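The values are calculated or read from the model by the stated rules, or taken from the named source; none is laboratory data. Being a predicted model, the structure only gives us computed values, none of them experimental. Glycine also receives a Cβ, built like all others from the backbone with ideal geometry; neighbour counts cover every protein chain displayed.
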Amino acid sequence: MCGDRYPSLVRTLLLVLHVLGAVVALGFSLSYGFWVRRGEADGVQGRAFALRTISWIDQRITTPAFIAQLITGLLLVATLDWALLRQAWLEVSLGIYVLLTALAIGVYAPAFRRQREIAERIAAGDGDEGEYSAAAAKGTAWGAVVTALTLVIVVLMVWKPALWN
């Protein structure tokens, strides 16, 4: 990819970017529950603000970091050996990444958006706490699933178990 002189430098840079992307993506994802709890402690205005802030962070930092994970990971494979894609731990990790991306886009994001919209209506004086509680429970549950799948990928990436290879 970069000639004989720079491959290890390129790999090191890609690895650093890959690890930083994981730290940023997972770190912010893990903080969302704290934001919600803190916002709820401040009342309906605080809750709406916390949910807006989570959306802002997710759109501008967390989601791009998750996308960077895929890009830097594939570039790492390209600088090493495409045969790595036949390693079971990487196959499983990529499969989980596809699953969690589909869940995040198709289920979690709409659930969270609904939760945020209801919180905004309540903060404006027009909304139902029961409706919010149901939406929050759904958003929290799907958020936990997506986060747990992300943690499984991190474990597989660090451990690199010989599953069936």
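Some notes on this structure:
- The lone exception for Trp35 - which of (1) free of Cβ contacts under 8 Å to residues at least 24 places away in the same chain; (2) out of contact with any Ser or Thr (no Cβ under 8 Å at 6 or more places or on another chain); (3) of a type in the set (Phe, Trp, Tyr) it fails: (2)
- Residue within segment 75-87 that is in a helix (DSSP H, G or I) and more than 23 Å from Val10 (Cα to Cα) present: no
- Residue tally, condition surrounded by fewer than 14 Cβ atoms within 10 Å (Cβ to Cβ) and in contact (Cβ under 8 Å) with a residue 12 or more places away in the chain, over segment 81-98: 1
- Selection count where residues are over 19 Å from the mean Cα position of the chain (by Cα) and either assigned to a helix (DSSP H, G or I) or modelled with pLDDT of 95 or more (or both), scope segment 127-143: 8
- Qualifying residue in segment 54-73 (condition: surrounded by 15 or more Cβ atoms within 10 Å (Cβ to Cβ), without any contact (Cβ under 8 Å) to a residue 24 or more places away in the chain and hydrophobic (A, V, I, L, M, F, W, C)): no
- Tally, over segment 6-57, of residues that are assigned to a helix (DSSP H, G or I) and either under 30 Å from Arg114 (Cα atoms) or in contact with a strand residue (DSSP E or B) (Cβ under 8 Å, 6 or more places away or on another chain) (or both): 36
- Screening Leu163 on (1) free of Cβ contacts under 8 Å to residues at least 40 places away in the same chain; (2) farther than 30 Å from Gly43 by Cβ; (3) not in a helix (DSSP H, G or I) shows it passes everything except condition (1).
- Close pairs from segment 105-121: first without any contact (Cβ under 8 Å) to a residue 40 or more places away in the chain, partner acidic (Asp, Glu) and assigned to a helix (DSSP H, G or I), Cβ under 7 Å, at least 6 apart: Ile118/Glu131
- Scanning segment 24-75 for residues that are under 17 Å from the mean Cα position of the chain (by Cα) and among the aromatic types (Phe, Trp, Tyr) gives Phe28, Tyr32, Phe34, Trp35, Trp56, Phe66.
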